[in-house]
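Worksheet: one structure, shown below.
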Amino acid sequence: MDAAKMGSDLERVLITNDEMQQRLKEIAKQVDADFAGRSILMVGVLKGAVMVMADLSRHLQSDVEMDWMAVSSYGSGTKSSGVVRILKDLDSDVHERHVLLAEDIIDSGLTLAWLKENLEARGAASVTIVTALRKPDALKVPVEVGYVGFDIPNEFVVGYGLDYAGKYRNLDCVGTLAPHVYGGDDVDE
Ligand code: XMP
Ligand code: MG
């Protein structure tokens, strides 16, 4: 879906698909250099990381295996619950693997801080985070991030895997949602 199709539900486009692809190509070059000679276990956090997993992995020249986890840290709305729960665990053993943990967005950082620690506790050789987006002003816990697509303002965004109540994940760009969609302009994340 492109921005035009969303009409007035989209407030403004923050990152176009071209900009995202360009940035992911740059990141892929760095990853290839940083992980030279090692096989990478890419772990995607469902469902939001589907797009960054698909796009980044295809820009990589390294050997890549993919696995997925589903965790819950948000309800269907726009507020963080602060609680991380594993809904679907990995199929693979991460023991002594070099893990590239991929996320759509780092907001409070709670999810990834927790996940990184969890994978390290399972004996991963290394856990490096890659995220398409990050909201620096929303961070509540420090998270060491290997690669960031774009830093964005502390606003609720949709597209490129990110949803509002299950919708707009297939929007090809990243944009802010018009307040009338979520019923107000006073969203506290
Ligand atoms: P934390 O706060 O743990 O959150 O870093 C990470 C997860 O929260 C969701 N999230 C968003 N989803 N628009 C969304 O559609 C947003 O602006 C947004 N901010 C956080 C997302 O699932 C992410 O993985
Ligand atoms: Mg997510």
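The values are calculated or read from the model by the stated rules, or taken from the named source; none is laboratory data. A quick note: this is a predicted structure, and the numbers were derived from the prediction, not measured. Please note: Cβ atoms are built from the backbone with ideal geometry, for glycine as well, and neighbour counts cover all protein chains shown.
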Open item on the list: Step by step: first the residues of the stretch 147-189, then only those that are of a type in the set (Gly, Ala, Ser) and modelled with pLDDT of 95 or more, then the one that is farthest from VAL130 (Cα to Cα). Which residue is that?
Closed with: GLY175
Task: Enumeration of residues in the stretch 11-46 that are closer than 17 Å to LEU133 by Cβ, out of contact with any helix residue (DSSP H, G or I) (no Cβ under 6 Å at 6 or more places or on another chain) and in a strand (DSSP E or B) - done: GLU11, ARG12, LEU14, ILE15, VAL45, LEU46
Open item on the list: If I filter the stretch 108-131 down to residues being polar (S, T, N, Q) and not in a helix (DSSP H, G or I), which single residue comes out as modelled with the lowest pLDDT?
Closed with: SER108
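Residue by residue, here is whether (1) in contact with a His (Cβ under 8 Å, 6 or more places away or on another chain); (2) near ligand 1 (Cβ under 10 Å from one of its atoms); (3) touching a residue at least 24 places away in the same chain (Cβ under 8 Å); (4) of a type in the set (Val, Ile, Thr) holds:
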position: LYS140; (1), (2), (3), (4): no, yes, yes, no
position: PHE150; (1), (2), (3), (4): no, no, yes, no
position: VAL157; (1), (2), (3), (4): no, yes, yes, yes
position: ALA165; (1), (2), (3), (4): no, yes, yes, no
position: VAL174; (1), (2), (3), (4): no, yes, yes, yes
position: LEU177; (1), (2), (3), (4): no, yes, yes, no
position: HIS180; (1), (2), (3), (4): no, no, yes, no
Task: Out of ALA28, ALA49, ALA3, sole residue that is touching a residue at least 24 places away in the same chain (Cβ under 8 Å), out of contact with any strand residue (DSSP E or B) (no Cβ under 8 Å at 6 or more places or on another chain) and surrounded by 15 or more Cβ atoms within 10 Å (Cβ to Cβ) - done: ALA28
Task: Condition check for ARG134: within 16 Å of ligand 1 (Cβ to nearest atom), modelled with pLDDT of 95 or more, farther than 17 Å from ALA70 by Cβ and buried (at least 17 other Cβ atoms within 10 Å of the Cβ) - done: yes
Task: Residue in the stretch 58-79 that is modelled with the highest pLDDT, counting only those that are in a strand (DSSP E or B), surrounded by fewer than 17 Cβ atoms within 10 Å (Cβ to Cβ) and of a type in the set (Gly, Ala, Ser) - done: ALA70
